[in-house]
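Asker: Just dropping this structure here.
The values are calculated or read from the model by the stated rules, or taken from the named source; none is laboratory data. If you're wondering where the values come from, they're calculated on a predicted model, not measured in any experiment. Don't worry about glycine lacking a Cβ; one is built from the backbone with ideal geometry, like all the others, and counts go over all protein chains shown. What goes into the accessible areas is simple: the full protein's heavy atoms, side chains included, and nothing from ligands, DNA or RNA. Shrake-Rupley method; radii C 1.70, N 1.55, O 1.52, S 1.80 Å.
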Amino acid sequence: MQTEILGNTENISKQGNVLIIKTKEAEARIWIYSPTIIRVNISRQHNADTSFAVIQNPAKKLDYTETAKQLLINTGALKLEINKSPLRFNFYTADGKELSQDDARFGVNWQGTRVINYRKLYKDEKFIGLGEKTGDLNRRGSSYVNWNSDVPDHNPKSDPLYETFPFFVGLHGGLTYGLFFDNTHKSYFDFGASTDDTMSWFGADAGDMNYYFFGAQSVSQIIEDYTWLTGRMEMPPLWSLGYQQCRWSYMSAAEILDIAENFRKEKIPADVMYCDIDYMDQYKIFTWNKETFPNPKSFIDKLKAMNFHLVTIVDPGIKVEPGYKQYDEGVSKNYFATYPDGEKYIGSVWPGRCHFPDFFRYDVRKWWGASFTALTEPGVEGFWNDMNEPAAWGQDIPWMVKFGNYYMPEVRNAYGMQMAKATYEGTKKLLGNKRPFVLTRAAYSGTQRYSAVWTGDNSAYDAHMLLGQRLVNSLGITGMSLVGVDIGGFSGDPTPELMVRWNSLGVYTPMFRNHAMQGTKYREPWRWGKENETIIKKDIEQRYKLLPYIYSAYYQSHQTGIPVSRTLAINYTNDENVFDVKYQNQFLFGDALLVAPVESTRFAEDVYLPAGEWYRLSTGEKFEGGKAVNVPAPLTDLPVFVKAGTIVPMQDVIQSTNEKGDGILELNVWYGKNANSYVYYEDDGSSYDYQKGTYYKRSVHFDPLKNTISLLAVEGSFASKYTQIKLVLHGFDQKIKTVKVNGKAMKLAEGTGTFNNDNKTIKIEF
Ligand code: GLC
């Protein structure tokens, strides 16, 4: 096998904003994207420079200086030192601290078409990220492959899974850096798992060594930069944040209506019902089974009348069947993937023999998007994209299959993302000013712009529940905030205890969807005995109470890319304990809440509370952080803590997000020694009007030195659905019996008091 290592510089030139360095083996191009982001692309053949992930252009200007041995780029926030011979790339902070270097021996190299970058491994270096990857929070000592795969029955060690996010954050010596390897071929990451403990490496089967280096000095700033580069989510429809009930499959409209009715009868809040594959006629996409779903419109109207939204599944495989609309259209327009000679590729999935739309083409995406009328006309508002790795029985799609100008191995990892893009763009158009909800199983970096993801076919046991939380937290690092796991486990049957526990964690899962495989026990909240139903109901009620807080957390994701579920490594990066496998599943849910997942067989748990003060949400008990505490964890009370000084807006229980509720926003403030700010956000929850300023946003400041809580004037033109604000003080001096609201005394009853939701500044003195 021909092996080449990037060698000596032969020529240096600058063309506009790109620095070009030629060696005998290849050509390196360097762009600055922002003061903290530099792109390096090293290529032997100058592949067309397309990216599915990146939505930004490089800065217009690039300056460098040259010495005999080096080139130096200094953005003011990040330094790139380029050694000319051999050509090596070394990154430093603005004040000269070493962030990351090429391995001096091997740097970038090729073995056949395979391209690899070996980098120096620091003794204390940790790695986080890579999205939907099993294993520990700290990925040091592990290696991974990116090759989107259908993996039913995966276990907590399986790799690869369904999604590819080739972005990680490295941590050493108190420094942080990020690296995004934008290459859709099968790719490899080795975080010090090889026998050479001086290097880590990443590479791909082919394509360019094309990476973006992030030099910001905090994990959250790196996530902001990464999501600036690859995009951020839009505001999700509010209904998608409520409780979602799914099953493979509810077999008829009547069955779904029955389940929906039962939620209302039992007064268990819920917003979403799903149709899995059996709603279709012989699994033909964009059709309805005429016997079991005879009148989709009246069925969906009935759901709507009960305040439910419907999500239907769509798979990419189009059944080979002359006379079937999508088949005929696709064939006549040549919309399907082919072999090089034009023969249409056939793979078997649920409908039997299928063709696969070439989502890499604009015209195909447009056609696909327009086909959703079959679903949107009767009233579907959510679109679940499955089997889009793409999956076919037998899994291995021949490497000769072509999508557009690409062969399957070049773009497999982006196929699901392109399907989600087609679905999102098409349904957005069809729904007018309404936000579609799109959910996809396969994904690539940037998918957050189009869709939510879930973690695929998990299993009904405790280790899988904990794994699911790590996957959610890890996906958050790579820009995916709206993420779900199948609550209860897709395959197998959970014990009632596991079901209860998993639902209590579901409250704090960004997307709260209960789903199960055919043949398993029904999973709805009332299937587990009255006592358990009561506990699950209370948990789901808690989700609904928290919706004002959760929605504001999504606004943060929309604005900054910071995920709703945050591994503690984001905010407490330099605290070794957060990487301890014992505590690694813990996470912050929004700014204020710390959640500790607990197995269903344990009723007390060691929880690590980072520095600061914390209150247990359920009891108000106060804890000093910076240490582990052992706390009771009965099935009725998952350990959730509130950070001192934080603000959590809540509301009363409603049965669905369509309900107006009592019009009172509960502003919970937990006393702390330090001042703190919070941004509350609200809009209509369903349209795009917020993009034109129709929102209600206000900052809330807690100041324990001045003894004030201030609600700044409202920004935006939306009228809040809450006409009153109920202040709820936690952990404040018990002797405080009155506060002043804009100078006027207000009596507190057990630490609470209510005032009008005035859009102007509201100053509370305590
Ligand atoms: C796949 C999906 C699963 C779905 C099933 C049937 O296994 O991952 O969620 O229920 O297909 O459509």
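Asker: Any idea what the dipole of the chain comes to, in debye rounded to 20, about its Cα centre with Lys/Arg Cβ at +1 and Asp/Glu Cβ at -1?
Answerer: On the way: 84 positive and 89 negative charges, 346 e Å.
It works out to roughly 1660 debye.
Asker: Under a plain spin-label model, where a point goes 7 Å from the Cα along Cα-to-Cβ, how far apart in nm are residue 581 and residue 759?
Answerer: Taking the simple label geometry, residue 581 and residue 759 are separated by 5.6 nm.
Asker: Between residue 715 and residue 254, what length comes free when the chain is fully extended (0.36 nm per residue of separation minus the Cα-Cα distance, one decimal in nm)?
Answerer: Working: separation 461, 0.36 × 461 = 165.96 nm, distance 4.53 nm.
Difference between extended and current length: 161.4 nm.
Asker: On to the next question. Which of the chymotrypsin sites (Phe, Trp or Tyr not before Pro) found in the range 508-573 are in a DSSP loop and have at most 15 neighbouring Cβ atoms, other than their own, within 10 Å?
Answerer: On the way: sites: 508, 512, 522, 526, 528, 544, 549, 551, 554, 555, 572; in loops: 508, 522, 572.
Filter output for the range 508-573: 522.
Asker: What do you get when you divide the Cα radius of gyration of the range 492-608 by 2.2 N^0.38 Å, with N the number of residues?
Answerer: So the range 492-608 has a normalised radius of gyration of 1.17.
Asker: Further question on the same structure: Roughly how many Å² is the accessible area per residue of the range 3-230, as a whole number, for a 1.4 Å probe?
Answerer: On the way: 8270 Å² over 228 residues.
That works out to 36 Å² per residue.
Asker: By its C-alpha gyration tensor, with a ≥ b ≥ c as the square roots of the eigenvalues, how is the range 564-605 shaped: rounded for a/c under 1.5, else prolate for a/b larger than b/c, else oblate? Walk me through the intermediate numbers first.
Answerer: On the way: a/c = 2.81, a/b = 1.38, b/c = 2.03.
In terms of gyration-tensor shape, oblate.
Asker: Full-extension gain between residue 157 and residue 218, please, as 0.36 nm times their residue separation minus the C-alpha to C-alpha distance.
Answerer: Numbers: separation 61, 0.36 × 61 = 21.96 nm, distance 2.89 nm.
Difference between extended and current length: 19.1 nm.
Asker: How long are the semi-axes of the ellipsoid equivalent to the chain, from square roots of 5 times the Cα gyration tensor eigenvalues, in whole Å, largest first?
Answerer: That gives 41, 35, 24 Å for the three semi-axes.
Asker: Here is a further query. Taking 56 Å as R0, compute the FRET efficiency from the Cβ-Cβ separation of residue 723 and residue 24 and round it to 0.05. It would help to have the intermediate numbers written out before the result.
Answerer: Numbers: r = 73 Å, r/R0 = 1.30.
For residue 723 and residue 24, the calculated efficiency is 0.15.
Asker: Specify whether the C-alpha gyration tensor of the range 614-766 places it in the rounded, prolate or oblate class, a ≥ b ≥ c being the square roots of the eigenvalues: rounded for a/c under 1.5, otherwise prolate if a/b is larger than b/c and oblate if not.
Answerer: Numbers: a/c = 1.79, a/b = 1.28, b/c = 1.39.
Taking the square roots of the gyration eigenvalues as a ≥ b ≥ c, the range 614-766 is oblate.
Asker: Next up: Tell me which of 590, 415, 452 sits at the most positive position along the dipole axis of the chain, charges placed on C-beta atoms (Lys, Arg +1; Asp, Glu -1).
Answerer: 590
Asker: From Cα coordinates alone, what are the radius of gyration and Dmax values for the range 114-161 in angstrom?
Answerer: When restricted to Cα atoms, the range 114-161 yields Rg and Dmax of 12.6, 37 Å.
Asker: Dipole size in debye (nearest 20) for the range 575-643 around its Cα centre, Lys and Arg Cβ +1, Asp and Glu Cβ -1?
Answerer: Details: 6 positive and 11 negative charges, 27 e Å.
For the range 575-643, the charge dipole is close to 120 debye.
Asker: Can you give the helix-only mean residue ellipticity at 222 nm for the chain, where every DSSP H stretch with n ≥ 4 adds -39500 (n - 2.57) and the sum goes over all residues, rounded to the nearest 500 deg cm²/dmol? List each step's numbers first, then the result.
Answerer: Working: 12 runs with 141 residues, N = 766.
Estimated from H runs of four or more residues: -5500 deg cm²/dmol.
Asker: How do 637, 159 rank by accessible surface area computed with a 1.4 Å probe, from largest to smallest? It would help to have the intermediate numbers written out before the result.
Answerer: Numbers: 637 35, 159 55 Å².
Listed by decreasing accessible area, they come as 159, 637.
Asker: Report the Cα-based extents of the range 8-101 along its three principal axes, largest first, to the nearest Å.
Answerer: Over the range 8-101, Cα extents along the principal axes are 36, 31, 23 Å.
Asker: By a straight-distance test (C-alpha under 21 Å), which lysines pair with residue 14 as possible cross-link partners, with residues fewer than eight away in the same chain excluded?
Answerer: Within the straight-line limit of under 21 Å, residue 14 reaches these lysines: 22, 24, 60, 61, 69, 79, 84.
Asker: Further question: Taking 7 Å along the Cα-to-C-beta vector as the label spot, tell me the residue 527-residue 59 distance in nanometres, rounded to one decimal.
Answerer: The answer from the label model is 5.6 nm.
Asker: Can you give the extra length, in nm with one decimal, that the chain gains between residue 67 and residue 497 once fully stretched, where that is 0.36 nm per residue apart less the Cα-Cα distance?
Answerer: Values: separation 430, 0.36 × 430 = 154.80 nm, distance 6.70 nm.
Going from the current span to full extension adds 148.1 nm.
Asker: Could I ask something else about it? Cα atoms only, the range 346-431: Rg and Dmax in Å?
Answerer: Reported Rg and Dmax, both Å: 13.4, 40.
Asker: Would you work out if the range 385-483 is rounded, prolate or oblate? Take a ≥ b ≥ c from the square roots of the eigenvalues of the alpha-carbon gyration tensor; rounded if a/c is under 1.5, else prolate when a/b is larger than b/c, oblate otherwise. Walk me through the intermediate numbers first.
Answerer: Details: a/c = 1.96, a/b = 1.10, b/c = 1.78.
In terms of gyration-tensor shape, oblate.
Asker: Say each of residue 694 and residue 97 gets a label point 7 Å from the Cα, pointing the same way as Cα to Cβ; how far apart are those two points in nm?
Answerer: Result for the modelled spin labels: 4.8 nm.
Asker: At a Förster radius of 35 Å, what calculated FRET efficiency corresponds to the Cβ-Cβ distance of residue 703 and residue 603, to the nearest 0.05? Write out the running numbers ahead of the final one.
Answerer: Working: r = 39 Å, r/R0 = 1.13.
The computed FRET efficiency comes out at 0.35.
Asker: May I ask you to work out the translational diffusion coefficient for the range 3-230 at 4 °C, viscosity 1.567 mPa s, via Stokes-Einstein with Rh from the Kirkwood sum over Cα pairs, reported in whole µm²/s? Intermediate values should be presented prior to the final figure.
Answerer: Numbers: Rh = 17.8 Å.
Using the Kirkwood radius from Cα pairs, D works out to 73 µm²/s.
Asker: With respect to the cross-link table entries 267/538; 304/434; 643/763; 304/366, which display a Cα-Cα separation exceeding 19 Å? Intermediate values should be presented prior to the final figure.
Answerer: On the way: 267/538 10 Å; 304/434 15 Å; 643/763 22 Å; 304/366 28 Å.
Cα-Cα > 19 Å for 643/763; 304/366; rest within.
Asker: Taking 8 Å as the Cα distance limit and 6 or more residues as the minimum spacing, I'd like the relative contact order of the range 647-765 as a percentage.
Answerer: Once divided by the residue count of the range 647-765, the mean separation gives 25 percent.
Asker: Express the C-alpha Rg of the range 575-643 as a ratio against the empirical globular expectation 2.2 N^0.38 Å, rounded to two decimals.
Answerer: Numbers: Rg = 11.0 Å, N = 69, 2.2 N^0.38 = 11.0 Å.
This ratio for the range 575-643 stands at 1.00.
Asker: Oh, and also: Name the residue from 349, 519, 90 whose Cα lies farthest towards the positive end of the charge dipole of the chain, charges +1 on Cβ of Lys and Arg and -1 on Cβ of Asp and Glu.
Answerer: After comparing all options, I get 90.
Asker: Taking H as built 1.01 Å from N, whose amide H comes closer than 5 Å to the amide H of residue 746, not counting residues under 5 places away?
Answerer: 739, 740, 741
Asker: Cross-link partners among aspartates and glutamates for residue 737, C-alpha distance below 20 Å, same-chain residues fewer than 8 apart left out?
Answerer: Residue 737 reaches 666, 703, 750, 765.
Asker: Can you tell me the dipole magnitude for the range 265-454 around its Cα centre, using point charges on the Cβ only (Lys, Arg +1; Asp, Glu -1), in Debye to the nearest 20? Spell out each step's value before the answer.
Answerer: Working: 24 positive and 22 negative charges, 128 e Å.
Value, rounded to 20: 620 debye.
Asker: Further, regarding this structure: State the answer as a single residue: which of 629, 187, 498 lies farthest towards the positive end of the charge dipole of the chain, with beta carbon charges of +1 for Lys and Arg and -1 for Asp and Glu, about the Cα centre.
Answerer: The Cα lying farthest towards the positive end belongs to 629.
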